[in-house]
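Coordinate-derived values only; no laboratory data. The model shown is predicted, which means the values in this text are computed figures rather than measured ones. Note: ideal-geometry Cβ built from the backbone for every residue, glycine included; neighbour counts use all protein chains shown.
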Amino acid sequence: MPISGRYAAEGQYSLWGALAVVNWINDRGGLDCGGKKVRVRLVYRDSESKLELAQSLTESLVTRDKVHFLLSPYGSDLAIGVSPIAEKYGVLMVVVGAASDRIFQQGFKYVVGVAAVASQYMWSVLDMAKAVDPNVKTVGILYRDSEFNRMVAEGAKTHAEKLGLRVVVYEPYPATPKDLTPQILKVKAANPDVLIVASHFADGQLAIRQMAEQKVDAKLIALSVAPLVPEFYDALKNLAECVVGPSHWEPPVRYTPELARQKGVEWFGPTAEEFAQYFKRVSRELGGKEIEPGYHAAWAAKGVLAILYGVYKAADVDSAKVLSELGKARFMTFFSEFKLDPATNVNVAHSMVAIQWQNGERVVIWPSEVATAKLRYPSLTWDEKSAGKVCK
Amino acid sequence: MKPWLPLVTYLSLAAVAFFMPEYSKTIATIVFFMALGQAVNIFVGLTGYVDFGYVAFMAMGAYGLGVVLYYMPQLGFAALPLGLALGVLMSILLAAVVGGVALRLRGAYFAIATIGVNEGVKHLIIGANIWGGGAGLILGSRAFEAFGRDTALWLANVGSAVLVIATGFMAVVAMYLIQVSKAGYALAAIRQDEDAAKVMGINPTKYKLLAFMTSASLAGLLGAAYYPLGNLQVFPENVFFIEYILDGLAVMFIGGAGTVTGPIVGGALYIIVRTVVGELLPGYQVFVTALVLMTTVILLPRGIVGTLRLHLPPKLREWLP
Amino acid sequence: MSLLIVDGVVKKFGGLRAVDGVSLTLDRGEVLAIVGPNGSGKTTLLNVINGVYKPEEGRVILEGRDITKLPPYLRARLGISRAFQVPRPLPDSTVLDNVATGAIFGGGYDIHSAKEAAEEALSYVGLWEKRHQLAGALAFSELRLLELARALASRPKLLLLDEVMAGLSPSEIDRFVVLIRRIAEEKNIAALSLVEHRMRAVVKMADRALVMHQGKKIMEGPPGVVLNDPKVVEIYLGRPWRF
Amino acid sequence: MDFFSQISPFLLSGLLLGSIYGLSATGLSLIFGVLKVANIAHGAFIMLGAYVAYFALTMWGVVPFVSAILALALGGALGYLVYVAVVKPLGLKNELNILVALFALFLLMAEAARILWGPDFVGYTWTIGSFSLGGLIIEYTKLAGALLALAIVISLEVFLRKTYAGRAIRAVVQDSVGAQVVGINVDRVYALAAAVGIGITTLAGVFITLFIPVGINPYMGGPYTLMGFVIAVLGGLGSIMGAYLAGLVFGLITSVGYFAFSELGFAEPSQMALFIAFLMLLLILLFKPTGLLRI
């Protein structure tokens, strides 16, 4: 996991999420493995967000620390970089924090995805827009020109066209932009109903900020990644109101043992409440302050849970056996359901939820089964937001 | 000078990587920094010029192999030598163009011009959407197609490590050949006083260009061995990542600029500090490494090997080039 | 045929004519002293001769060949060697390597014979004992000798000596003058020496003297005659407040 | 829409941002002019300034125009420290070692910021309204920032021309040996230039947040170092006014260039605009290394 360097923030949350689950299982005496309780140990190293370190550390985890399974480092580039190592040693690696479709199209056997891939990020948002307002006609897409964001944007574009929407502006911007005014002026001229920004962190904040300045209003504004952390609201205050974002998971999302029973699938792991409780403890111990888990954390937790479930079913730590069990598996955790697509080894039972910032809170608005609030539509205008109005 | 110590070091590292493949990536990482320092040294250490755009040569190497593998996996195993050759060729060409034009500039102006080249090429590749543009090239399935699954995995793990080590080895040989030839005398004169060198009958541009192109070809090979082969990917944001030249300079300086053994010592120390701190105090390794680098540069401006050489009797100095 | 012909050279810096139509000739084995106060254009003229500057007008001809447009390193290979006013050794190289570098590139030797030539040149100037020292560790007067040895090792036809006696003690100057005369006579090398103040040395060393003032050639002739000319005396003594 | 009204918002936006870009490169240019050192750590001080603005506003409610003074003082003190602790012991001749030491400083500052303040992307919101001009909506804070940047650059130029210390700096820029001969304490001039240069850079970090008040994080500095070099070279290394004007040019290239390449249908217009900027850098270095706008 990178806990310093360019992926420091995301890497840190992922690590804490994984630790929370490991602590949870060990507090319960360990994992049931063929009738015997086995304690789980998470060994982690800081790859500094650098390829060469990610590789050598992964190798040493396998050869020196003799780990049985791997969690991928955060970031598609790092995840791809370490894949050949997992493949060579036949060690199961669960990809967390990397969603590029292309990772799973390379023909790696031991590389497994537990969450939706990048091209599907904006599907739920677009489905929602169409469902809430059948009159939606036009979509504008801005995207950060990088591997992951390009996938998100392309996926959004194809899906929008499938829904019969017209993409009126489709513009890239550089990976570390200093000024998005030029791109935003283009959006202003095209005036789309729905505006999608396939962003990362800093650029997402910048996009909102400069849209507000140029008063580029749309009925729905959705960003990837950026709106999912509290810093988004801290940085933008009221301007963040009504902004929508797709998320792998949110604390209010309730996949529960009851729901599992209703659907007739097996439940595995902690409940969302338990996870949040353990995560807070980890964040206090390692980060000095108690924070709510976000989707990076839950994603990593899901990764650990998938491995543990496989081990529990196989009653063995052999990667090939665990992998074949996972191929057959159908279970639910607090994160989502789990079912692997045999062609790509990606969990296809997971779909993104959509959140919206409402009155300083991140609320889940889609899909309706797990939603905790209704989508505010159309979004407030920038003038209204600047005047202090909030989405309610 | 006697180049045996550094050559034997590389050979034994290669032997370990080959016969103990479970350490190949670890070795590859350490040697990556050694070889980077070594390649940088041939130009920076011998001429005294700083090239901040040096990464562009690694990028050319990476794209050379990456492009062949991505667009022509049907070539099978021939894709590897062809890709490596293309990568090295592109690096040398870029060096010839940049060097031929920009080596007229002195000191910091040259350094800044080369940043311009690196960023310019990067922005062109992304901006004009060449070779995958901003999304880069991912080569996993192509490598499986070209080499077959097992060979591809062996190449990605052990093969790239061996090639990285070979690059370091060749860099030592190149350094040796330069230093015992006329070019060595010319470069020593240019480094110390370029104007005086001219008056002594030395054509500075010719020898600087020689060092520049040699260094660039090694960097290209390193880039090809590393990104497309070892990591099965070429992402512009990574291969043009300017900090690698700074890493290379750091390795060279900790060891001793202009020395042959220096980058080996520097590279080993650079990674060992990171690894040890990373295990004891995760998250603090870059901080500590930077601190080590700063103190070394200020307190031992000649680097470890450079300082050691100063205090060695001439007979032993021969053995620690 | 004269070894060196400088024909009507003009070098301008902005509006200033630093060298203003100077001509001179020099034969093998001859020592010419160019005399003039600070700022008279001597050093600029020297830089035109060895190619650091390209003149706006005029030509520089070496052994009948027009070298006005050649870069310095090619002129060095044709036999023009230079010793700097402020010695510029390669401080981190040994004395021997310093001289050998000159021999390799200026003299066209291969590495092995360059070292022999370097040792010979070093013993000629009396620096052989110090050949394994780093050049940076030499005393000032030894650096002067090193520069001379380096120039000699590159098989020169013409030595350009830029104020090479500045900073030396009177006894060191005497030794230097003898050395230069010896080089000129024994090796049949021409020397062009710039001198600002050491008039006594000029008389002993040079066959001819040429006086420059404000970029122009004022006079030329035997040193004894030239230096006692009233016009030259006035330049040096008559109006000291102008400097 | 006619061509002018189409392009005018891009022009305006480029000029406004360019003013800050220019300010941010003056420190780099000054330090290079005087010490002949390329300050690789430049971006780290921009990062520091951005954090000063962020903490001053969110913790004490101090607006950026005030915290800029704080940043100037802090940066000045650090600049002096850098000169005394890093540059001076190495000696200015030792260009390579200084470069590497400054790189280490850059890493050190970024890592220290992460350890102290965390890796998150933070930002603030502070606005006092806006007005519309030529198709572009301009925040008053941005306009004030851009104008103040110009004022600061002009006062720096006045300082260099009218005061003794300033003249000493200029003398060293032109001829450090000569300056020494006429009795200028070159060591003090170096220290002063490092302090002023890094002080202005840190201050520029505060001003940058007026335009980009978000995405503040420990690793934000790198791109600013690169951009700073481009601008400083365009303006002629060592020239203050030149750097400022080059900043304006750079702002225009990225903004109007984007518009142009977008109209031409390039895949990634903003990257193409940057490509042109770097191409210009190369051409200028080769054919007019004293800079395009040397004043």
- Task: Could you work out the local net charge near C:Ala18, counting Lys and Arg as +1, Asp and Glu as -1, over the other residues with Cβ closer than 9 Å to its Cβ?
- Result: +2
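Rounded, prolate or oblate: which one fits the stretch B:196-271, using the alpha carbon gyration tensor with axes a ≥ b ≥ c (rounded when a/c is under 1.5, else prolate when a/b beats b/c, else oblate)?
Working: a/c = 2.70, a/b = 1.54, b/c = 1.75.
Since a/c reaches 1.5 but b/c is at least a/b, the shape of the stretch B:196-271 is classed as oblate.
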- Query: Can you flag which of A:Lys88/A:Lys302; A:Lys88/A:Lys313; B:Lys206/C:Lys11; C:Lys11/C:Lys69; C:Lys157/C:Lys187; C:Lys11/C:Lys216 are past 19 Å Cα-Cα?
  - Reply: A:Lys88/A:Lys302; A:Lys88/A:Lys313; B:Lys206/C:Lys11
- Query: When you take every Cα atom in the protein assembly as shown, what is the radius of gyration, and what is Dmax, the widest Cα pair distance, in Å?
  - Reply: 34.4, 122
- Query: How big is the stretch A:66-111 on each of its three principal axes, counting only the C-alpha atoms and giving the largest first in Å?
  - Reply: 27, 20, 13
- So how far, in whole Å, is the C-alpha centre of the stretch B:59-133 from the one of the stretch D:28-72? 36
- For B:Trp4, A:Trp16, A:Trp24, ascending order of other Cβ atoms within 10 Å (fewest first) is B:Trp4, A:Trp24, A:Trp16
- Query: Using θ = phi - 60° and the Karplus curve 6.51 cos²θ - 1.76 cosθ + 1.60, what whole-Hz ³J(HN,Hα) does each residue of the stretch B:114-130 get, with Gly and Pro shown as x?
  - Reply: 6, 4, x, 5, 4, 5, x, 5, 4, 5, 5, 4, 6, x, 8, 6, 8
- Query: Can you list, largest first and rounded to whole Å, the semi-axes you get for the stretch A:78-151 by taking the square root of 5 times each eigenvalue of its Cα gyration tensor?
  - Reply: 33, 13, 8
- Note on the structure: Largest fluctuation, D:Gly75, D:Gly22, D:Gly135 only, Gaussian network model of chain D with Cα springs under 10 angstrom, belongs to D:Gly135
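Largest first and in whole Å, what are the equivalent-ellipsoid semi-axes of chain C based on the Cα gyration tensor, each being the root of 5 times an eigenvalue?
Values: eigenvalues 171, 87, 51 Å².
Here the semi-axes work out to 29, 21, 16 Å.
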- Taking the Cα atoms only, what angle lies between the long axis of helix A:123-132 and the longest principal axis of chain A, rounded to 10 degrees? 50
- Query: Using the Karplus equation 6.51 cos²θ - 1.76 cosθ + 1.60 (θ = phi - 60°), what ³J(HN,Hα) coupling, rounded to whole Hz, does each residue of the stretch A:226-241 give in order, writing x for Gly and Pro?
  - Reply: 3, x, 8, 10, x, 4, 4, 6, 4, 6, 10, 6, 4, 4, 6, 4
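Classify the stretch B:4-242 as rounded, prolate or oblate, taking a ≥ b ≥ c as the square roots of the eigenvalues of its Cα gyration tensor: rounded when a/c is under 1.5, otherwise prolate if a/b is larger than b/c and oblate if not. Please report the intermediate quantities before stating the final value.
Details: a/c = 2.48, a/b = 1.42, b/c = 1.74.
Verdict is oblate for the stretch B:4-242.
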- Item | Degrees between helix D:269-287 axis and first principal axis of chain D (Cα, 0 to 90, nearest 10) | 40
- Message: I need the Kirkwood Rh of the stretch D:16-219: take the reciprocal of the average 1/r across all distinct C-alpha pairs and report it in angstrom.
- Response: 17.6
- Message: Using only Cα atoms and rounding to the nearest 10 degrees, what angle (0 to 90) does helix A:8-27 make with the longest principal axis of chain A?
- Response: 40
- Note on the structure: Counted neighbours (other Cβ, 10 Å), sorted fewest up, put A:Lys385, B:Lys198 in the order A:Lys385, B:Lys198
- Message: Could you derive backbone 3J(HN,Hα) for the stretch C:124-136 from the dihedral phi with the Karplus parameters 6.51, -1.76 and 1.60 (θ = phi - 60°), listing whole Hz in sequence and x where the residue is Gly or Pro?
- Response: 4, 8, x, 10, 4, 4, 9, 5, 8, 6, 6, 4, x
- Note on the structure: If amide H atoms are modeled at 1.01 Å from N in the peptide plane, then the residues at a separation of 5 or more from A:Trp267, or on another chain, having amide H under 5 Å from its own are A:Met332
- What FRET efficiency comes out for the pair A:Lys37/A:Asp341, r = Cβ-Cβ distance, R0 = 45 Å, nearest 0.05? 0.90
- Packing-based exposure ordering (other Cβ within 10 Å, fewest first) of B:Met34, C:Met1, A:Met332, C:Met205: C:Met1, A:Met332, C:Met205, B:Met34
- Message: Can you tell me which lysines have their Cα less than 17 Å from the Cα of A:Lys178? Leave out same-chain residues fewer than eight positions away.
- Response: A:Lys186, D:Lys142
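Can you compute the helix-only [θ] at 222 nm over chain A? Use -39500 (n - 2.57) per DSSP H run of at least 4 residues, normalise by all residues, nearest 500 deg cm²/dmol. Mind dumping the intermediate values first?
On the way: 13 runs with 161 residues, N = 392.
Mean residue ellipticity at 222 nm (helix-derived): -13000 deg cm²/dmol.
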- According to the Cβ-distance criterion of 4.7 Å, cysteines of the protein assembly as shown with no possible disulfide partner are A:Cys33
- Query: Which semi-axes, in whole Å and largest first, does the equivalent ellipsoid of the stretch B:40-107 have when worked out from the alpha carbon gyration tensor as the square roots of 5 times its eigenvalues?
  - Reply: 30, 11, 9
- Top mean-square fluctuation among C:Ala100, C:Ala139, C:Ala151, Gaussian network model of chain C, C-alpha springs under 10 Å? C:Ala139
- Note on the structure: Residues whose modelled amide H sits under 5 Å from the amide H of C:Glu63, counting only those 5 or more places away in sequence or on another chain, are C:Leu4, C:Ile5
- Task: Run down the aspartates and glutamates and flag those whose C-alpha is under 20 Å from the C-alpha of D:Lys162, throwing out any fewer than 8 positions away in its chain.
- Result: D:Asp175
